[in-house]
1. Exactly one of these conditions fails for Phe72: (1) of a type in the set (Phe, Trp, Tyr); (2) modelled with pLDDT under 95; (3) closer than 16 Å to Lys121 by Cα. Give me its number.
2. Which of the numbered conditions does Gln78 fail, given that it passes all the others? Conditions: (1) closer than 18 Å to Tyr113 by Cβ; (2) touching an Asp or Glu at 6+ places or on another chain (Cβ under 8 Å); (3) touching a residue at least 12 places away in the same chain (Cβ under 8 Å); (4) buried (at least 16 other Cβ atoms within 10 Å of the Cβ).
3. Taking the condition basic (Lys, Arg) and modelled with pLDDT of 95 or more, does Lys2 pass?
4. For Ile56, indicate whether it is surrounded by 14 or more Cβ atoms within 10 Å (Cβ to Cβ), of a type in the set (Val, Ile, Thr) and either at pLDDT 95 or above or within 17 Å of Asn13 (Cβ to Cβ) (or both).
5. Counting only residues that are in a loop (DSSP other than H, G, I, E, B) and either touching a residue at least 60 places away in the same chain (Cβ under 8 Å) or of a type in the set (Ser, Thr, Tyr) (or both), how many does the stretch 9-23 have?
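The values are calculated or read from the model by the stated rules, or taken from the named source; none is laboratory data. In this text the structure is predicted, and so the values were computed from the model without any measurement. Neighbour counts run over all protein chains shown; Cβ positions are idealised from the backbone, glycine included.
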Amino acid sequence: MKKFDNFCKALENLQEIYAYEAPYSNVILTGLVGLYEICFEQSWKAMKESLYASGIGLAATGSPKAIIKEAFSNGMIQEEQLWLDALSDQKHVAHAYNPEIAGEIVENTKEKYVAMFQELKTSLEEWQGLTSKAAGTKTSL
């Protein structure tokens with residue numbers, strides 16, 4: 001699945017965030033926030049793709065918040081509030097020119113969001129296996 005592959009690459013890039021420590025230069029801080037933004041964007045799109053492939057119709061047109069809620073209700077993610085907090089931080093990326101906001105996003109990413117994204121990757125791998133098996137069953141009949 002293309003969105004899943006994009007998410008995996010974005011997560012791989014995001015993990016470079018641990019190579020940097022505060023105080024950050026303005027350029028580094030902006031780049032780290034950008035890595036978070038890209039990974040978050042790819043994560044909800046990968047959820048959307050997997051939900052849709054599983055036959056969940058809302059996933060065809062859902063917003064990030066709707067996709068997060070649907071992923072939670074279907075067991076794809078376990079911590080709905082953490083994901084909603086990540087969505088809130090993603091919306092604050094436009095204010096990353098403010099070093100306090102940008103620094104908070106980077107610290108949240110290091111402390112909470114990288115692990116959250118890693119859990120999603122594992123979950124999506126399991127979902128893809130289930131979807132592939134279901135598709136294989138259908139074609140073998």
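1. That leaves (2) as the condition not met.
2. Gln78 satisfies all of (1) closer than 18 Å to Tyr113 by Cβ; (2) touching an Asp or Glu at 6+ places or on another chain (Cβ under 8 Å); (3) touching a residue at least 12 places away in the same chain (Cβ under 8 Å); (4) buried (at least 16 other Cβ atoms within 10 Å of the Cβ) except (4).
3. Criteria not met by Lys2.
4. Criteria not met by Ile56.
5. Residues flagged as in a loop (DSSP other than H, G, I, E, B) and either touching a residue at least 60 places away in the same chain (Cβ under 8 Å) or of a type in the set (Ser, Thr, Tyr) (or both) within the stretch 9-23 amount to 2.
Here is a yes/no grid of residues against (1) among the aliphatic types (A, V, I, L, M); (2) more than 15 Å from the chain's Cα centre (by Cα); (3) closer than 19 Å to Glu49 by Cα:
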residue	(1), (2), (3)
Leu82	yes, no, no
Ala102	yes, yes, no
Lys112	no, no, no
Thr122	no, no, yes
